[in-house]
Structure formats: structure tokens, C-alpha cells
Protein chains: 2
Amino acid sequence: MLESFVFHFGEMGSRWGFNRTVGQIYALLVITEEPISANEIGECLNISRGNVSMGLKELSSWQLVHTLHKPGDRKDYYHTNGSIWDMANRVFEERRKREIDPTLSLLRDILLDNPGNDAEKYAQVRIDEIYRLLENITQWAQSLQSLSPEKLDTLMKLGSGVGKVLDIKDKLLQKQQ
Amino acid sequence: MLESFVFHFGEMGSRWGFNRTVGQIYALLVITEEPISANEIGECLNISRGNVSMGLKELSSWQLVHTLHKPGDRKDYYHTNGSIWDMANRVFEERRKREIDPTLSLLRDILLDNPGNDAEKYAQVRIDEIYRLLENITQWAQSLQSLSPEKLDTLMKLGSGVGKVLDIKDKLLQKQQ
DNA sequence: CTAAAGGTTCAGAAATTTCTGAAACTTTAG
DNA sequence: CTAAAGTTTCAGAAATTTCTGAACCTTTAG
């Protein structure tokens with residue numbers, strides 16, 4: 001049963017920016033309370049020692065694992081740190097840095113060019129749309145990250161009810177004018 | 001310049017659930033105003049006719065392209081439809097169906113199992129966290145999709161200022177009590 | 001200082017994904 | 001009905017990604 005979780009997260013991993021093994025290692029660490037050694041990970045998942053090492057390196061670069069040392073033992077022990085929400089945030093943040101930011105910078109460059117003909121003019125209009133959308137979404141996502149967890153929770157629970165709250169806000173502003 | 005856009009989106013494509021060619025075809029269609037034929041796409045991107053056909057099939061399954069016919073011409077012509085925002089929505093919706101929903105269903109199954117020991121008990125607690133997070137986020141995203149574009153725009157522009165609006169809402173509710 | 005225990009690296013092997021192009025299929029003009 | 005114009009399919013080739021394991025590096029107990 002739990003193996004199916006680890007296996008499934010391996011497949012999912014590739015959607016989130018890392019490969020199957022990395023996904024499996026991560027899933028294993030998430031559901032294991034005690035920190036475990038690299039050897040144990042390898043045995044558990046049936047992968048080579050080298051592959052475990054590379055996987056853990058990748059997860060560290062995403063800041064998703066912690067290393068521990070037990071006194072009188074020189075092995076490294078690994079575990080995941082933070083709540084699931086922290087981890088989701090970290091993946092989001094990291095992907096923004098690695099993917100969205102370079103894309104935005106490329107689009108910006110393209111938009112600075114003078115269009116040579118109508119086709120290029122049209123293309124720039126479309127690219128500008130994409131640029132604005134991407135920028136809006138990432139800025140918004142970042143501002144949400146700075147919200148306190150409780151407020152974020154309230155907001156999520158509101159769901160589309162947030163529309164009504166916005167209406168109230170508008171009315172208040174009108175009265176003040 | 002525009003080639004770099006097409007090329008970059010090819011790379012990006014793999015992050016969004018489809019392969020390089022599909023990403024390039026899509027990028028090309030987005031920045032091309034006039035509908036173009038499958039042959040033109042192949043020439044433009046230097047890919048085989050068969051590959052173009054498969055790519056377009058994939059894009060259709062994501063509902064991201066439209067087929068057109070010119071009178072007196074039996075070729076198919078392709079173009080993208082809808083605003084960039086529509087497209088982002090469609091990709092989100094489609095990925096939810098293909099990835100998130102199966103994941104949620106797997107997690108639900110695991111949570112129904114009776115834990116056999118402490119390790120399994122711990123694993124279930126963690127999996128439950130993941131389950132609730134995923135469900136929260138997708139439900140929220142869906143309720144946002146049902147918001148009118150203007151409201152969504154207001155909300156995005158508010159950014160973290162949405163926190164203050166929530167405070168106002170709370171105060172109003174207290175007065176009413 | 002030495003050797004044992006553990007970690008990392010990376011060249012090439014294995015697995016997986018993507019692409020090609022020829023054959024098969026579909027549609028329609030004549 | 002036939003043939004030309006066009007599209008789709010899919011087996012195998014090519015490209016890409018991932019994985020292994022032996023060589024190498026690092027740390028520390030003695």
C-alpha cells in the first residue's frame with residue numbers, strides 16, 4: 001500500500017521537475033519518521049548507491065532534505081523537514097527561479113525589439129499577453145506566500161465567495177469618496 | 001528573435017506536460033495570425049510530416065488548437081483559439097484531470113487502509129496532509145476559475161492587500177452580530 | 001600516519017522518449 | 001469508380017535521459 005505511494009510519486013516526480021528516482025526517494029523520506037541512511041534508501045528502492053547519492057544531491061538543491069548525524073556513527077542520515085505546505089512552497093519558489101524567471105527575461109528581450117513587419121508586430125502583441133499573464137500570476141503567488149497561514153486559509157475557504165468580499169470593499173470605498 | 005521564442009517554448013513544453021515538438025508547434029501557432037497548414041508547420045520547424053500530425057493530435061486533446069478549412073482547398077489549416085488566459089486555464093484543467101485527480105484517488109485509497117503498525121500510522125498522517133493540501137489547492141483554483149475575469153483581475157492587483165480586505169470583512173461581521 | 005568506512009563522481013550501459021518516413025487510410029474532384 | 005491530394009499510423013531508428021558500479025575522494029578512529 002505504502003509502496004504504491006512511493007511508486008506513484010516517482011511517476012509524478014517528472015511532472016514536478018525531477019526524475020522518477022528522485023521522486024521515489026522524496027516520497028520515501030516523507031512517509032518515514034526516522035531519518036534513514038543512504039544505504040537503506042538504496043535497498044528499499046532497489047537502486048544503486050550512486051543513484052541514491054545523485055538523488056539526494058538533487059533534493060538538497062531543492063532544499064527538500066536535511067542531513068543528520070548520529071553520535072558515534074559516521075553515516076549520514078536523511079529526512080524531510082518542514083510541513084507539506086513548506087515543501088510545496090519551496091518547489092514553487094525553486095521552479096519560479098529555474099523556469100519562469102528565465103522565460104520572463106527572454107520575453108522581455110523579444111518585446112524590446114522593433115518589429116520588422118506585420119507578422120512580427122502580431123507576434124509581439126501575443127508575446128506581450130503571455131508576458132503580462134506570467135508576471136501577474138507569479139507576482140500574485142508571491143504576495144500570497146507572504147500572507148499569514150491563517151489568512152491564506154480563510155481566503156482558500158472563502159473560495160469564489162471572495163467575489164462578494166470584493167463587492168463589499170468597493171461599496172466602502174465609494175462611501176468614503 | 002521569434003525563433004528563440006518558439007525554441008524556448010519547446011523546452012518549456014516538457015515542463016507543462018508535452019514534448020519539445022508539441023511545445024514548438026504550439027508556440028508557432030500562437031504567434032502566427034493566419035491559420036497555417038500542417039506542411040507549413042513541418043517546414044518551419046524542420047520536422048517530419050508524421051511528427052506534425054502527432055503533435056497536432058496531442059494539442060487537440062488538450063483543446064488548444066482549432067482546425068479550419070479554406071473554401072476550394074482541401075488542406076486543413078490550424079490556429080490557436082481563445083486568449084492566453086483561456087489557454088492557461090485549459091492546460092490547468094487538463095493537468096488536473098490527468099494528474100491531480102488520479103493522485104487524489106490513490107491517496108484516498110491509502111487513507112482507507114487500516115495502519116498495521118506505527119510506521120504505517122505515521123505514513124498515513126503525512127499522506128493525509130498531502131491529500132488535504134492538494135484538495136484545498138485544486139478546489140480553490142477551480143473556484144477562482146468561476147470568478148469573472150474583472151474580479152479575478154481586482155483580486156490579483158490587490159496582491160497581499162487582500163489581507164486587509166479580509167480584516168474589514170471580519171469587522172463587518174462582528175458588528176452585525 | 002594509515003586504513004577502514006562512508007560519500008561522490010562520471011563514463012558508458014540500459015531504459016525511455018521522441019522522431020522519421022513509408023504504408024495505409026480518407027476524402028473528393030472529375 | 002478512379003486517382004490525386006491530403007492525413008494518420010506505427011515499426012523501428014535516433015536522441016535523450018537515467019542508472020550502474022568501479023574508481024576516486026574525504027573523514028576519522030586508532
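Below, the figures for the structure above:
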{"read-out": "Flag if residue B:108 is over 30 Å from residue B:33 (Cβ atoms) and not assigned by TED's automatic domain parsing to the domain that holds residue B:54", "value": "yes"}
{"read-out": "Flag for residue A:93 being open to solvent by 40 Å² or more (accessible area, probe 1.4 Å) and within 27 Å of residue B:8 (Cα to Cα)", "value": "yes"}
{"read-out": "Test set (1) at the interface with another protein chain (Cβ under 8 Å from one of its Cβ atoms); (2) under 26 Å from residue B:92 (Cα atoms); (3) out of contact with any Ser or Thr (no Cβ under 7 Å at 6 or more places or on another chain) - residue A:164 fails condition number", "value": "(1)"}
{"read-out": "Residue count for segment A:18-31, restricted to those that are within 10 Å of chain B (Cβ to nearest Cβ) and surrounded by fewer than 17 Cβ atoms within 10 Å (Cβ to Cβ)", "value": "0"}
{"read-out": "Lone unmet requirement of (1) over 23 Å from the mean Cα position of the chain (by Cα); (2) at pLDDT 80 or above for residue A:134", "value": "(1)"}
{"read-out": "Unmet requirement for residue A:53, which otherwise passes all of (1) within 14 Å of chain B (Cβ to nearest Cβ); (2) within 14 Å of DNA strand D (Cβ to nearest atom); (3) of a type in the set (Gly, Ala, Ser)", "value": "(1)"}
{"read-out": "Breaking point among (1) within 14 Å of chain A (Cβ to nearest Cβ); (2) within 16 Å of DNA strand C (Cβ to nearest atom); (3) of a type in the set (Lys, Arg), for residue B:75", "value": "(1)"}
{"read-out": "Subset of segment A:54-80 [surrounded by 13 or more Cβ atoms within 10 Å (Cβ to Cβ) and polar (S, T, N, Q)]", "value": "A:60, A:63, A:80"}
{"read-out": "Among (1) over 22 Å from residue B:130 (Cα atoms); (2) touching a residue at least 12 places away in the same chain (Cβ under 8 Å) - the single one residue A:27 does not satisfy", "value": "(1)"}
{"read-out": "Checklist (1) open to solvent by less than 50 Å² (accessible area, probe 1.4 Å); (2) more than 11 Å from DNA strand D (Cβ to nearest atom); (3) in contact (Cβ under 8 Å) with a residue 40 or more places away in the chain; (4) more than 18 Å from residue A:130 (Cβ to Cβ) applied to residue B:34, failing item", "value": "(1)"}
{"read-out": "Number of the condition not met by residue A:69 [criteria: (1) within 14 Å of another protein chain (Cβ to nearest Cβ); (2) over 22 Å from residue A:2 (Cβ atoms)]", "value": "(1)"}
{"read-out": "Tally, over segment B:59-83, of residues that are touching a residue at least 40 places away in the same chain (Cβ under 8 Å) and near DNA strand D (Cβ under 10 Å from one of its atoms)", "value": "2"}
{"read-out": "Test set (1) under 23 Å from residue B:84 (Cβ atoms); (2) more than 9 Å from chain B (Cβ to nearest Cβ) - residue A:94 fails condition number", "value": "(1)"}
{"read-out": "Flag if residue A:143 is under 30 Å from residue B:172 (Cα atoms), among the small types (Gly, Ala, Ser) and open to solvent by 30 Å² or more (accessible area, probe 1.4 Å)", "value": "no"}
{"read-out": "Flag if residue B:130 is more than 7 Å from chain A (Cβ to nearest Cβ) and surrounded by 16 or more Cβ atoms within 10 Å (Cβ to Cβ)", "value": "no"}
{"read-out": "Of residues in segment A:17-54 being in contact with a Phe, Trp or Tyr (Cβ under 9 Å, 6 or more places away or on another chain) and among the hydroxyl-bearing types (Ser, Thr, Tyr), the one nearest to DNA strand C (Cβ to nearest atom)", "value": "A:37"}
{"read-out": "Scope segment B:18-43; condition modelled with pLDDT under 95 and of a type in the set (A, V, I, L, M, F, W, C); matching residues", "value": "B:18"}
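Here is a yes/no grid of residues against (1) at the interface with chain B (Cβ under 7 Å from one of its Cβ atoms); (2) closer than 26 Å to residue B:139 by Cα:
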{"site": "A:120", "(1), (2)": "yes, no"}
{"site": "A:134", "(1), (2)": "no, yes"}
{"site": "A:142", "(1), (2)": "no, yes"}
{"site": "A:168", "(1), (2)": "yes, yes"}
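The values are calculated or read from the model by the stated rules, or taken from the named source; none is laboratory data. Values in this document were obtained by computation on a predicted structure and should not be read as measured data. Please note: Cβ atoms are built from the backbone with ideal geometry, for glycine as well, and neighbour counts cover all protein chains shown. Areas reflect the complete protein model, heavy atoms only, side chains present, ligands, DNA and RNA absent. Shrake-Rupley method; radii C 1.70, N 1.55, O 1.52, S 1.80 Å.
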